[in-house]
1. So is TYR93 within 30 Å of SER257 (Cα to Cα) and either at pLDDT below 95 or of a type in the set (Ser, Thr, Tyr) (or both) or not?
2. Can you confirm whether region 250-265 contains a residue that is touching a Cys at 6+ places or on another chain (Cβ under 7 Å) and in contact (Cβ under 8 Å) with a residue 60 or more places away in the chain?
3. Go through VAL362, VAL322, VAL354, VAL276 for me and flag whichever is closer than 24 Å to ALA162 by Cα, in a helix (DSSP H, G or I), aliphatic (A, V, I, L, M) and modelled with pLDDT of 95 or more.
4. Collect the residues in region 286-304 that are of a type in the set (A, V, I, L, M, F, W, C), open to solvent by less than 30 Å² (accessible area, probe 1.4 Å) and not in a strand (DSSP E or B), keeping them in residue-number order.
5. Can you name every residue in region 251-263 that is surrounded by fewer than 16 Cβ atoms within 10 Å (Cβ to Cβ), in a loop (DSSP other than H, G, I, E, B) and in contact with a strand residue (DSSP E or B) (Cβ under 8 Å, 6 or more places away or on another chain)?
6. Just to be sure, is PRO192 surrounded by fewer than 19 Cβ atoms within 10 Å (Cβ to Cβ), touching a helix residue (DSSP H, G or I) at 6+ places or on another chain (Cβ under 9 Å) and touching a residue at least 12 places away in the same chain (Cβ under 8 Å)?
7. Answer with yes or no whether TYR348 is within 30 Å of TYR80 (Cβ to Cβ), open to solvent by 50 Å² or more (accessible area, probe 1.4 Å), at pLDDT below 95 and outside any helix (DSSP H, G or I).
8. What helices (runs of 4 or more DSSP H), lying completely within region 1-120, carry at least 3 residues that are hydrophobic (A, V, I, L, M, F, W, C) and touching a strand residue (DSSP E or B) at 6+ places or on another chain (Cβ under 7 Å)?
Amino acid sequence: MIQYDYLIVGSGLFGSVCARELTDAGFKCLVIEKRNHIGGNVYTESIEGINVHKYGAHIFHTDDKNIWNYVNKYAEFNRYTNSPLGLHKNKLYNLPFNMNTFYQLWGVSKPSEAREIIEKQIKEFGFKNPKNLEEQAISLVGKDIYEIFIKGYTEKQWGRSALDLPAFIIKRLPLRFTYDNNYFSDKYQGIPIGGYTPMIENMLKGIEVKTNVDFLSDKKQWIKQTKNIVYTGALDAFYNYQFGVLEYRSLDFNNESINIENYQGNAVVNYLDKNVPYTRIIEHKHFEFGNQKSTYITKEYPKEWQMGDERYYPINDDKNSVLSKLYKDLALKEKSVFFGGRLAEYRYYDMHQVIASALSLVKKLSNDD
């Protein structure tokens, strides 16, 4: 019955990198995917000539030259630089917090003036031992930045008052005292020309892939067909939720094709006010400097995750940390099942971190064999 060395469950970045590297190392692999397409959450779909990020904006960035060289084997990247805007009470601000932002806030033009205002506010309103996210944020950046840029957006994103969110969610809030709107400080940054789907297709070239296959609904049969499994799905689902359900925040996407060339002039505009139900609007054509006659936008609405929804952001509170550890301890005891990626590790990963983690696992597996 055994037909494969490795069954890879999920065709997102983690699964696709593992499949490519294990195949190149001489192992016979099968990739199965629950959705009707490959690529996981980085999947892009061409709509009216525009590559649409179907599961939210994905901007590749890394300081690791080896990771950058790795992805460039499978796609050519453009020079897109993430420079989002934030809209608060009908006024636009540059993000991340930099001298442009401070000028828009306070009319100051010198770094020393901005520092003085921030330090004064931290001293006046800050907390020595922050007990929640609000106290932590004010202690890091002062009252103005917190109230305009963080409070409403964060409470929308997490569906909870900032007073009820743990302080550790915000470990640091970068303040830039230069006129630099580049959201990431990484050396390498861009979007694959033509979208992420062709990049994943190139990774999976020559590898057997089956879509519309739910591994968990026929788990025993799949296990019989393979020596090993690389599992990238939800960790608690693999163990049939025996300790309880791990919680997430989810998203709803409202997509709209608009018959104008340019809707908002930027790929990403964040809506900072709590009374606006969506957190941001993505205009996809700007990721690839498109000049199409029409445009395509997506509004992102955060919501509580329920069974059947897509899982996006793990809830890193005490309850879920304890629960996830129970599942991770079970996973560590597995001899031929290897867990990786956001869902299987119940942690938030950037794309370059997912790839690094997958390469690390393959190296370990290859050495073991």
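The values are calculated or read from the model by the stated rules, or taken from the named source; none is laboratory data. Quantities reported herein were computed from a predicted structural model and do not represent experimental measurements. We place every Cβ from the backbone using ideal geometry, glycine too, and count neighbours over all the protein chains shown. Ligands, DNA and RNA are stripped out before the accessible areas are found, and what is left, the full protein with its side chains, is counted by its heavy atoms. Shrake-Rupley method; radii C 1.70, N 1.55, O 1.52, S 1.80 Å.
1. Criteria met by TYR93.
2. no
3. Criteria check complete, one pass: VAL322.
4. Pass one, region 286-304, residues of a type in the set (A, V, I, L, M, F, W, C): 287, 289, 297.
Those still in the list that are open to solvent by less than 30 Å² (accessible area, probe 1.4 Å) too: 287, 297.
Of everything in region 286-304, just one residue is of a type in the set (A, V, I, L, M, F, W, C), open to solvent by less than 30 Å² (accessible area, probe 1.4 Å) and not in a strand (DSSP E or B), namely PHE287.
5. Keep residues of region 251-263 that are surrounded by fewer than 16 Cβ atoms within 10 Å (Cβ to Cβ), which gives 252, 254-262.
From the residues that got through so far, the ones that are in a loop (DSSP other than H, G, I, E, B) too are 259-262.
Matches in region 251-263: ILE260, GLU261, ASN262.
6. no
7. Details: within 30 Å of TYR80 (Cβ to Cβ): yes; open to solvent by 50 Å² or more (accessible area, probe 1.4 Å): yes; at pLDDT below 95: yes; outside any helix (DSSP H, G or I): yes.
Yes; evaluated as a whole, the condition is true for this residue.
8. Values: elements: 13-24, 65-71, 99-106.
Hits in region 1-120: 13-24.
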